[in-house]
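Novice: One structure follows; several queries about it will come next.
The values are calculated or read from the model by the stated rules, or taken from the named source; none is laboratory data. Remember, it's a predicted structure, so these values are computed and weren't measured experimentally. Here Cβ is always computed from backbone atoms with ideal geometry, including for glycine, and neighbour counts include all displayed protein chains. Remember, those area values only see protein heavy atoms, side chains included, never the ligands or the DNA or RNA. Shrake-Rupley method; radii C 1.70, N 1.55, O 1.52, S 1.80 Å.
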Amino acid sequence: MRKIAVFASGRGSNFIKIFENIQRGSLNARVTCLISNKPGTGAVEYAEQQNIHSYVVIPKDFPSEDEFGQ
């Protein structure tokens with residue numbers, strides 16, 4: 001089984017599909033965390049409902065775009 005982190009910034013439709021495929025057994029993986037650049041999104045809310053750790057990293061909290069991307 002592979003451990004994966006998922007990156008999302010919106011509703012979380014792709015994240016939800018990944019999670020559903022894991023639950024169905026179509027994907028042999030476990031989501032270990034969700035990383036988002038926007039708090040309060042559908043993806044973050046869904047992660048919380050599924051007891052998946054989520055981390056929000058906000059670009060404006062960094063002095064530059066380069067430092068955010070590192």
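Novice: Could you give the dipole magnitude of the chain about its Cα centre, charging the beta-carbon of Lys and Arg +1 and that of Asp and Glu -1, in debye to the nearest 20?
Specialist: 420
Novice: Shifting gears a bit: Can you put 52, 58 in order of accessible area, largest first, using a 1.4 Å probe?
Specialist: 58, 52
Novice: Where in the chain are there trypsin sites (Lys or Arg not before Pro) that are in a DSSP coil and have at most 14 other Cβ atoms within 10 angstrom of their Cβ? The partial results should precede the final answer.
Specialist: Working: sites: 2, 3, 11, 17, 24, 30, 60; in loops: 11.
Answer by residue number: 11.
Novice: Using a 7 Å offset from the Cα along the Cα-to-Cβ direction at both residue 64 and residue 21, what is the distance between the two label points in nm, to one decimal?
Specialist: 3.7
Novice: Could you give the angle, 0 to 90 degrees to the nearest 10, between helix 13-24's Cα long axis and the longest principal axis of the Cα atoms of the chain?
Specialist: 30
Novice: Still on this structure: Residue 28 to residue 53: extension gain in nm, 0.36 nm per residue of separation minus the Cα-Cα distance?
Specialist: 7.1 nm
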